[in-house]
Amino acid sequence: MQSVRRHLLTAKVLPLALATALVGALIAGTAVLASAANSTAAQSNRVMTWNIHVGKDGGPEEKAKEIARFKPQVLGMQEACREDVKKTVAILKSKYKLQYHIAYGTVRNDRANCGLFGGNAFGQAIISAAPITKKGNKLYADGGTEARGYMWVETTVNRKKTRVFNTHLSEHGQGKLRAAQVRTLVEVARQYAGSIVLGDFNAQPHSSEMQPMWVYYRDADPSCGAKASFTCKATADAGPPRKKFDYIFLRKNMAPPGVTVVNSPYSDHDIVYADLR
């Protein structure tokens, strides 16, 4: 009789235990998924470029909000003031729990572009979720109406050590200067396998000054190249019509992953990012 009771008890308890275990596993799995969805970690394969139009549209709080939306592993900024970038990165850490390392590519050391509170260093900047192990900054021989240059960092992108360049070329009406700047940039960048070139080139893909880039690089947007294309996504309020000025250049042996172009109320340039494969 005791044996029968024992079997009956086991028959009742085992399904209950199994059901409890299954519910527990479902809860744990849901928690893991929720944690992943709410993760504050940067996207390890995401690269982004953005001319932040500093001092014109929104301050560090607004810039940080936009960057936190997309969580890039590395971001090249143009028209950046040192103090504004420092404040933006501090807000990303304190408010959004995103930790970034900074490198600056200063082209001017005065307050003409940065205003009273932006500091006295204007140019480019790169922020990286991974440590920056090396960095450099170089002015172009002739920037035209404004000083222009390129900068670079060595960091980790998509789990690979990568040299990332960031530049801002001369503005409208200075195509010959941009052509010389592109030649200078390509001659340096092409020496590094797997290098990435970000920036505001102030030139459309099919323009003559951009042709040297296409010899060694392709844009992350597969529709953009040496020839004019109606499907190449515009990125800047330079028009009408709007134009493609902002690039994520990858070496030609890398598959172009496509880009996401997001209009921002805080700049006259769109946010452009790509998730590397």
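The values are calculated or read from the model by the stated rules, or taken from the named source; none is laboratory data. These numbers were taken from a predicted model, which means no experiment stands behind them. Positions of Cβ are backbone-derived with ideal geometry, glycine not excepted, and every protein chain shown enters the neighbour counts. Note: areas computed on protein heavy atoms with side chains; ligands, DNA, RNA excluded. Shrake-Rupley method; radii C 1.70, N 1.55, O 1.52, S 1.80 Å.
So that you can scan it fast, the table gives a plain yes or no per residue for (1) within 30 Å of Leu92 (Cβ to Cβ); (2) in contact (Cβ under 8 Å) with a residue 24 or more places away in the chain:
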residue	(1), (2)
Val157	yes, yes
Glu171	yes, yes
Arg178	no, yes
His206	no, no
Ala220	yes, yes
Ser229	no, yes
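Only one of Asn263, Asn253, Asn202 is open to solvent by 70 Å² or more (accessible area, probe 1.4 Å), under 24 Å from Gly59 (Cα atoms) and at pLDDT 95 or above; which? Walk me through how you get there before you give the answer.
On the way: Asn253 fails: under 24 Å from Gly59 (Cα atoms); Asn202 fails: open to solvent by 70 Å² or more (accessible area, probe 1.4 Å).
Matching residue, one of Asn263, Asn253, Asn202: Asn263.
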| For region 118-130, which residues satisfy the criterion of being over 19 Å from Met48 (Cα atoms) and either open to solvent by less than 60 Å² (accessible area, probe 1.4 Å) or modelled with pLDDT of 95 or more (or both)? | Gly118, Gly119, Ala121, Phe122
| said: Step by step: first the residues of region 40-54, then only those that are open to solvent by less than 50 Å² (accessible area, probe 1.4 Å) and not in a strand (DSSP E or B), then the one that is modelled with the highest pLDDT. Which residue is that? | reply: Ala42
| remark: When region 208-263 is checked residue by residue, the ones that are touching a Lys or Arg at 6+ places or on another chain (Cβ under 7 Å), among the basic types (Lys, Arg) and within 17 Å of Gly194 (Cα to Cα) are Arg218, Lys252
| note | Going through region 224-250 in order, the residues found to be open to solvent by 20 Å² or more (accessible area, probe 1.4 Å) and either in contact with a Gly (Cβ under 9 Å, 6 or more places away or on another chain) or not small (Gly, Ala, Ser) (or both) are Lys227, Phe230, Thr231, Cys232, Lys233, Asp237, Pro240, Pro241, Arg242, Lys243, Phe245
| note | Given (1) open to solvent by 20 Å² or more (accessible area, probe 1.4 Å); (2) at pLDDT 95 or above, Lys63 misses just (1)
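If you go through region 126-133 one residue at a time, do you hit one that is more than 24 Å from Arg178 (Cβ to Cβ) and over 17 Å from the mean Cα position of the chain (by Cα)? Spell out the reasoning first.
Of all residues in region 126-133, those more than 24 Å from Arg178 (Cβ to Cβ) come to 127-133.
Among the residues that remain, those that are also over 17 Å from the mean Cα position of the chain (by Cα) are: 133.
Looking for residues that are more than 24 Å from Arg178 (Cβ to Cβ) and over 17 Å from the mean Cα position of the chain (by Cα), one finds at least one in region 126-133, hence yes.
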| said: For Asn120, only one of the following conditions fails: (1) part of a loop (DSSP other than H, G, I, E, B); (2) touching an Asp or Glu at 6+ places or on another chain (Cβ under 9 Å); (3) at positive phi. What is its number? | reply: (3)
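Kindly state which strands (runs of 3 or more DSSP E) lie completely within region 131-182 and contain at least 3 residues that are open to solvent by less than 60 Å² (accessible area, probe 1.4 Å) and among the hydrophobic types (A, V, I, L, M, F, W, C). Spell out how you get there, then give the answer.
Numbers: elements: 134-139, 149-157, 160-168.
In region 131-182, 149-157 are the strands (runs of 3 or more DSSP E) which contain 3 or more residues that are open to solvent by less than 60 Å² (accessible area, probe 1.4 Å) and among the hydrophobic types (A, V, I, L, M, F, W, C).
Per-residue answers, yes or no, for (1) surrounded by fewer than 24 Cβ atoms within 10 Å (Cβ to Cβ); (2) aliphatic (A, V, I, L, M); (3) in contact with a Cys (Cβ under 7 Å, 6 or more places away or on another chain):
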{"site": "Lys71", "(1), (2), (3)": "yes, no, no"}
{"site": "Val74", "(1), (2), (3)": "no, yes, no"}
{"site": "Cys81", "(1), (2), (3)": "no, no, yes"}
{"site": "Ser94", "(1), (2), (3)": "yes, no, no"}
| remark: Every listed condition ((1) surrounded by fewer than 17 Cβ atoms within 10 Å (Cβ to Cβ); (2) small (Gly, Ala, Ser); (3) without any contact (Cβ under 8 Å) to a residue 60 or more places away in the chain) holds for Gly194 save (3)
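Is one or more of the residues making up region 101-117 open to solvent by 40 Å² or more (accessible area, probe 1.4 Å) and touching a residue at least 40 places away in the same chain (Cβ under 8 Å)? Talk me through it step by step, then tell me what you get.
Step one: of region 101-117, the residues open to solvent by 40 Å² or more (accessible area, probe 1.4 Å) are 101-102, 104, 108-112, 116-117.
Next, from what is left, pick out any that are touching a residue at least 40 places away in the same chain (Cβ under 8 Å): 101, 104.
Yes, there is a match, as at least one residue in region 101-117 is open to solvent by 40 Å² or more (accessible area, probe 1.4 Å) and touching a residue at least 40 places away in the same chain (Cβ under 8 Å).
Quick grid of which residues meet (1) within 30 Å of Asn113 (Cα to Cα); (2) touching a strand residue (DSSP E or B) at 6+ places or on another chain (Cβ under 6 Å):
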site: Glu154; (1), (2): yes, yes
site: Asp200; (1), (2): yes, yes
site: Ala203; (1), (2): yes, no
site: Trp214; (1), (2): no, no
| Selected residue (criterion: farthest from Thr155 (Cα to Cα)) from residues of region 55-77 that are touching a strand residue (DSSP E or B) at 6+ places or on another chain (Cβ under 6 Å) and outside any loop (DSSP other than H, G, I, E, B) | Phe70
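Go through the residues of region 186-207 one by one and say whether even a single one is polar (S, T, N, Q), more than 19 Å from Tyr273 (Cβ to Cβ), within 19 Å of the chain's Cα centre (by Cα) and outside any strand (DSSP E or B). Give the derivation first.
Step one: of region 186-207, the residues polar (S, T, N, Q) are 191, 195, 202, 204, 207.
Add one more test, that the residue is more than 19 Å from Tyr273 (Cβ to Cβ), and what stays is 191, 202, 204, 207.
From the residues that got through so far, the ones that are within 19 Å of the chain's Cα centre (by Cα) too are 202.
In the following step, the residues that additionally are outside any strand (DSSP E or B) were identified as 202.
Looking through region 186-207, at least one residue is polar (S, T, N, Q), more than 19 Å from Tyr273 (Cβ to Cβ), within 19 Å of the chain's Cα centre (by Cα) and outside any strand (DSSP E or B).
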